[in-house]
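Below is one structure, written out as structure tokens, with a few remarks after it.
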Amino acid sequence: MEFAAPPVALERIEDRTLPGPDGALRVRLYSPSRPKTLPGLIYFHGGGLVAGSLDTHDSIARALCHSGGVRVVSVEYRLAPEHRFPAALEDAKAALRYISGHAADFGIDAARLGICGDSAGATLAAATCQSAIQAGGPPLILQLLLCPILDYSRVTASKRELASGYLVDQATLDHDLMYYLPAGIAPSNPLVSPLMASDVSGMPPTLIHTAEFDPLRDEGRNYFERLTQAGNEVSYTCHPGMIHLFYGLGAVIPYARDAFEQIGSQIRAAMA
């Protein structure tokens, strides 16, 4: 599925590669029409960790760049079932380390680097952020999670109430997890379900966006509550009347444009 978002005027879009744990990782750099060094946002696309690419989520990365006024580096990580856990997470962590260490090569201010993901990409973003905090770096000043999958281990109230008919359903989530997890790895593993981490203190300022009619709504809210209780700076927005990944469906859901204006304003404020 390719997502539609508003057309975005950019200075350039550039495909690159960077070293990964199992060969080169493809990335795509989106730059606003400003030549100076800018804040940067590393973006991981959704797709259940079994699908998706730089191309399918191109319009979302464009909209993040345009609305937030930041350089966006979209990462094409390895997918299951050919590459099961922890391949995608290892790619995500490698991308963060490399981009942080070579920020100038991307026109990014290393002191103003954030991480972002939508849906299953937000699983990677959250787990990568937790790993970076535990390892003492690379430093991040923003974590942005859009309709995140944060807990594969529990059936929440929103998963029960919205189990089918709302773009993503429980059967799809179960199917994707079956292909993603190898034998012996529990869904409650915090690297799989970041909501289950024992310690979520020390996180960078975090923005969580969910949708009213998204089966994943409750785990986004639960993560907001856990981060808040741990003393982190965190904002939570549940978009009324919306479904999973509504912000990527701008051609059929005009409200997506309003959502990106709000998200972009938050990005600019956090990374000023």
Problem set entry | Pair list, Cβ under 7 Å, 6 or more apart: the range 202-230 residue polar (S, T, N, Q), other residue in a helix (DSSP H, G or I) | T206/L227; T210/R217; T210/G220; T210/R221; N222/L195
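Just checking, does the range 203-214 include any residue being farther than 15 Å from A125 by Cβ and either at pLDDT below 95 or open to solvent by less than 50 Å² (accessible area, probe 1.4 Å) (or both)?
Within the range 203-214, the subset farther than 15 Å from A125 by Cβ is 211-214.
Remaining after also requiring either at pLDDT below 95 or open to solvent by less than 50 Å² (accessible area, probe 1.4 Å) (or both): 211, 214.
Yes, because at least one residue in the range 203-214 is farther than 15 Å from A125 by Cβ and either at pLDDT below 95 or open to solvent by less than 50 Å² (accessible area, probe 1.4 Å) (or both).
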For this session: Could you tell me whether G69 is closer than 14 Å to D118 by Cβ and surrounded by fewer than 24 Cβ atoms within 10 Å (Cβ to Cβ)?
Result: no
Exercise. If we scan the range 142-155, do we find a residue that is among the hydrophobic types (A, V, I, L, M, F, W, C), farther than 20 Å from T206 by Cβ and open to solvent by 40 Å² or more (accessible area, probe 1.4 Å)?
Worked result: yes
Exercise. For the range 87-127, how many residues meet the condition of being open to solvent by 40 Å² or more (accessible area, probe 1.4 Å), within 21 Å of P32 (Cβ to Cβ) and part of a helix (DSSP H, G or I)?
Worked result: 2
Exercise. If you check Y43 against the conditions, is it under 27 Å from D176 (Cα atoms), open to solvent by less than 40 Å² (accessible area, probe 1.4 Å), in contact with a strand residue (DSSP E or B) (Cβ under 9 Å, 6 or more places away or on another chain) and hydroxyl-bearing (S, T, Y)?
Worked result: yes
Exercise. In the range 12-25, what count of residues is obtained for those that are under 18 Å from R84 (Cα atoms) and part of a strand (DSSP E or B)?
Worked result: 4
Exercise. Using beta carbons and a limit of 7 Å, which pairs, at least six apart or on different chains, have the first residue in the range 49-73 and at positive phi and the second one not in a loop (DSSP other than H, G, I, E, B)?
Worked result: L49/A88; L49/A120; L49/D176; L49/Y180; G69/R268
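Within the group R112, R78, R160, which residue is free of Cβ contacts under 8 Å to residues at least 40 places away in the same chain and of a type outside the set (A, V, I, L, M, F, W, C)? Give the steps one after another, and end with the answer.
On the way: R112 fails: free of Cβ contacts under 8 Å to residues at least 40 places away in the same chain; R78 fails: free of Cβ contacts under 8 Å to residues at least 40 places away in the same chain.
Result: R160 is the single residue among R112, R78, R160 that is free of Cβ contacts under 8 Å to residues at least 40 places away in the same chain and of a type outside the set (A, V, I, L, M, F, W, C).
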Problem set entry | the range 1-36, residues that are farther than 19 Å from A259 by Cβ, among the β-branched types (V, I, T) and modelled with pLDDT under 95 | I13
Exercise. Does the range 156-167 hold any residues that are in a helix (DSSP H, G or I), crowded, with 19+ Cβ neighbours inside 10 Å and not charged (D, E, K, R), and which are they?
Worked result: S158
Exercise. Could you count how many residues in the range 263-272 are over 14 Å from I60 (Cα atoms) and surrounded by 14 or more Cβ atoms within 10 Å (Cβ to Cβ)?
Worked result: 5
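Just to be sure before I move on: is Y179 among the aromatic types (F, W, Y) and assigned to a helix (DSSP H, G or I) in the structure I sent?
Values: among the aromatic types (F, W, Y): yes; assigned to a helix (DSSP H, G or I): yes.
When the stated conditions are applied, Y179 passes them.
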For this session: Within the range 18-30, identify whether any single residue is open to solvent by 10 Å² or more (accessible area, probe 1.4 Å) and under 18 Å from G107 (Cα atoms), and answer yes or no.
Result: yes
Seminar exercise, completed: Residue hits (the range 120-178; in contact with a helix residue (DSSP H, G or I) (Cβ under 7 Å, 6 or more places away or on another chain) and of a type in the set (K, R)) are K159
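The values are calculated or read from the model by the stated rules, or taken from the named source; none is laboratory data. Source: prediction; values computed, not measured. Glycine also receives a Cβ, built like all others from the backbone with ideal geometry; neighbour counts cover every protein chain displayed. Keep in mind that these areas ignore ligands, DNA and RNA; they rest on the heavy atoms of the full protein, side chains included. Shrake-Rupley method; radii C 1.70, N 1.55, O 1.52, S 1.80 Å.
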